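For reference, the structure discussed in these notes is given below.
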Amino acid sequence: MELEKITSFTIDHERLLRGIYVSRKDKINNETITTFDIRMKEPNREPVIDNPALHTIEHLGATFLRSNKEWKDRVIYFGPMGCRTGVYLLLAGDLNSKDIVKLVTDMFEFISDFSAEIPGTCAHDCGNYLDQNLSMAKWESVKFLNEVLKNIGEKNLTYPS
């Protein structure tokens, strides 16, 4: 069997900056699902997010998104990239990066300010509930907010060509 190169492997990761990118759009029946690449780290140029912090970002981000009155019914999935340089967000609708800058900024502000018990951190709720790090999740979120989201520009919203 000949394997086709998937779209995300065709992005020039040597030039990719941190930001919010449309990774792909898929049609399912009459609905478009937009996959966003929320890139928190420059690939291969800075350390990746450690697993416990990324796991905490997943728990808090998913909880925030599925509680957001405006967006909760459009959230399909939120979770980490295998390379640990960011997260994926799948939303129902034919959307572009600019459409979700406020949502993503609000989510990372929520994570940055979070000080309660992390949702879903018991053996009943999570398959690896002890692998969490709120302090580092907050640190990574503040860094992404201050260095990217608060001054986001076109170079952080469109994949390099």
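Is it possible to state the helix-based mean residue ellipticity at 222 nm for the chain, with each DSSP H run of 4+ residues giving -39500 (n - 2.57), the sum divided by total residues, to the nearest 500 deg cm²/dmol? What is it?
Numbers: 3 runs with 44 residues, N = 161.
The per-residue figure over the chain is -9000 deg cm²/dmol.
Taking neighbour counts of Cβ atoms within 10 Å as a proxy for exposure, in what order, fewest first, do Phe114, Phe9, Phe144, Phe64 appear?
Details: Phe114 19, Phe9 8, Phe144 25, Phe64 22.
The order, fewest Cβ neighbours first, is Phe9, Phe114, Phe64, Phe144.
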Zero-based 5 Å bins, Cα pair distances in the chain, whole percents
2, 9, 18, 22, 21, 15, 9, 4, 1, 0, 0
Just add up the charged neighbours of Ser112: K/R +1, D/E -1, any other residue whose Cβ is under 10 Å from the Cβ of Ser112.
-1
In Å, what is the Rg of the alpha-carbon atoms in region 31-121, and how long is Dmax?
13.1, 37
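Please state the charge dipole magnitude for region 70-118, taken about the Cα centre, from unit charges on C-beta atoms (+1 on K and R, -1 on D and E), reported in debye and rounded to the nearest 20. Walk me through the intermediate numbers first.
Details: 5 positive and 8 negative charges, 45 e Å.
Dipole of region 70-118, to the nearest 20 debye: 220 debye.
Quick one: dipole size for the chain, taken about the Cα centre, charges +1 on Lys/Arg Cβ and -1 on Asp/Glu Cβ, in debye to the nearest 20.
Values: 20 positive and 24 negative charges, 67 e Å.
For this selection, approximately 320 debye.
For region 84-160, with only Lys/Arg (+1) and Asp/Glu (-1) charged at the beta-carbon, what is the dipole magnitude about the Cα centre, in debye rounded to 20?
Computed charge dipole of region 84-160: roughly 280 debye.
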Among Met81, Leu16, Thr63 the positive-end extreme of the charge dipole of region 1-136 (Cβ point charges)
Leu16
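Taking neighbour Cβ counts within 10 Å as the exposure measure, how do Met107, Met1, Met40, Met136 sort from fewest upward?
Ascending Cβ contact count within 10 Å gives the list Met1, Met136, Met40, Met107.
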What helices in the chain pass both tests, a Cα length along the helix axis of 20 Å or more and a mean Kyte hydropathy of -1.0 or higher, using whole DSSP H runs?
51-67
Could you line up Asp99, Asp73 from fewest to most neighbouring Cβ atoms inside 10 Å?
Asp73, Asp99
Which of Lys72/Lys155; Lys69/Lys138; Lys72/Lys143; Lys41/Lys155; Lys72/Lys138 have a Cα-Cα distance over 20 Å?
Lys72/Lys155; Lys69/Lys138; Lys72/Lys143; Lys72/Lys138
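No value in this document is a laboratory result; all are computed from the given coordinates. All values derive from a computational prediction rather than experimental measurement. Methodologically, a virtual Cβ is constructed for each residue, glycine included, from the backbone with ideal geometry; neighbour enumeration extends over all protein chains shown.
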